[in-house]
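Some notes on the structure that comes next.
The values are calculated or read from the model by the stated rules, or taken from the named source; none is laboratory data. Remember, it's a predicted structure, so these values are computed and weren't measured experimentally. Counting neighbours? That spans all protein chains shown, and the Cβs are built from the backbone with ideal geometry, glycine included. To get the accessible areas, we keep the full protein, side chains included, count just its heavy atoms, and leave off ligands, DNA and RNA. Shrake-Rupley method; radii C 1.70, N 1.55, O 1.52, S 1.80 Å.
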Amino acid sequence: MGKTQFCLMLSLLATLPKSLKGLDGSVIYYDTEGSFNVERLVQIARTKFSDYYQSEEHRNQSISRIQIVRTTKSSEIVASLEKLEGVIIENNVKLIILDSVGSMARNEFSSENFIERSNVLVKLASLLKSHSERFRIPVMVTNQVMEKMDPFSKKSHITPALGPVWAHSVNNRLILETSYGNKRKITIAKSPISPVVSFPYHIREDGIAVGDPDVPQSDVEVELNPDNYWNQQIFAQSV
């Protein structure tokens with residue numbers, strides 16, 4: 001789908017020097033799926049910023065600035081976040097990534113543990129928002145999606161996993177989808193500064209790129225309120 005590719009690109013940009021429009025900082029990367037791939041990170045770096053990353057020293061510097069925390073347990077992530085303040089200050093952390101909260105929650109909690117799962121998600125969201133607001137750094141959390149069936153129209157639609165508890169904790173939501181013919185699109189589904197809008201994207205050696213590789217960039221279509229998105233979400237929150 002591309003969510004981990006997105007995380008790798010953001011990690012790279014956070015470690016880049018400011019002269020290349022990066023943040024010149026470190027990254028805390030919680031990997032619950034074992035999907036972080038150093039080789040892919042280097043491929044993106046050497047392709048997208050070929051001049052800078054020809055230097056092995058620059059490549060190693062960026063890699064060393066990404067602190068990987070591999071775990072599948074929510075208790076370990078919460079414990080780490082509770083002690084993260086000093087790490088953020090000492091290492092000039094400019095980005096926190098959790099990839100993915102959906103995988104962690106689904107593996108750890110059964111449907112019968114809804115209340116416990118909700119409490120953990122609220123705690124995670126609170127800690128992540130606290131660090132983001134105090135240190136003015138972005139937080140990127142990936143989730144999974146699920147299909148829901150509208151009993152009236154008999155049509156299915158995609159909605160984020162983990163229900164309204166997590167949905168209300170998110171400030172901005174991007175949904176990455178693959179449709180028929182392996183066409184990909186990003187939907188800005190929730191944002192304080194943007195309407196609901198979708199546009200195509202594809203994955204290249206240098207990471208994620210906006211547009212359709214089979215369509216000229218000038219002809220890329222941007223779709224407002226794709227598939228009547230807001231009505232779908234109103235229904236999803238009511239069942």
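Remarks
- Chain lengthening between V210 and N107 when straightened (0.36 nm per residue, less Cα-Cα): 33.8 nm
- Distance (nanometres) between label positions extended 7 Å along Cα→Cβ at V38 and E147: 3.9 nm
- In segment 1-138, Cα pairs under 8 Å separated by at least six residues give a relative contact order of 30 percent.
- Value of relative contact order over the chain, rounded to a whole percent, pairs C-alpha under 8 Å and six or more apart: 18 percent
- Net charge of Cβ neighbours under 11 Å - reference L16; Lys, Arg +1; Asp, Glu -1: +4
- At an R0 of 35 angstrom, the distance between the Cβ atoms of V165 and E90 translates into a FRET efficiency of 0.60.
- For the chain, calculated [θ]222 nm from helices alone, where every DSSP H run of n ≥ 4 adds -39500 (n - 2.57): -12000 deg cm²/dmol
- For K21, a cut-off of 29 angstrom between C-alpha atoms picks up these lysines, skipping any fewer than 8 places away in its own chain: K3, K48, K94, K129, K185, K190.
- DSSP bridge pairs, the chain: antiparallel proportion in percent, nearest 5: 60 percent
- The amide H of K190, built 1.01 Å from its N in the peptide plane, has R173 as neighbours under 5 Å, considering only residues 5 or more places off or on other chains.
- Across segment 1-78, counting alpha-carbon atoms alone, Rg and Dmax equal 12.9, 42 Å.
- Phi-derived couplings, Karplus 6.51 cos²θ - 1.76 cosθ + 1.60 at θ = phi - 60°, listed residue by residue for segment 53-66: 8, 5, 7, 4, 4, 5, 5, 5, 5, 5, 4, 5, 7, 9 Hz, with x used for Gly and Pro.
- Taking amide H as placed 1.01 Å from N in the peptide plane, the amide H of V69 sits under 5 Å from that of Y29, Y30, D31, each at least 5 places away or on another chain.
- Put simply, the Cα atoms of segment 81-123 extend 41, 17, 12 Å along their principal axes, the longest span coming first.
- Förster radius 35 Å - calculated FRET efficiency between L224 and S126, Cβ distance, rounded to 0.05: 0.60
- Restricted to Cα atoms, segment 68-169 shows a radius of gyration and a Dmax of 15.6, 55 angstrom.
- Based on C-alpha pairs under 8 angstrom that are at least 6 apart in sequence, segment 167-221 has a relative contact order of 23 percent.
- Applying 1/(1 + (r/R0)^6) with r as the Cβ-Cβ distance of Q67 and K155 and R0 = 45 angstrom yields a FRET efficiency of 0.55.
- The chain - percent of accessible surface contributed by carbon and sulfur, probe 1.4 Å: 52 percent
- Amide H to amide H distances under 5 Å link V145 with A161, where only residues 5 or more positions off or on other chains count and H is placed in the peptide plane.
- Net +/- balance of residues flanking I188 in space, Cβ distance below 12 Å, scoring K and R +1, D and E -1: +2
- Phi angles across segment 200-211 convert, under the Karplus curve 6.51 cos²θ - 1.76 cosθ + 1.60 with θ = phi - 60°, into 3J(HN,Hα) values of x, 8, 8, 10, 10, 4, 8, x, 7, 10, 6, x Hz, Gly and Pro given as x.
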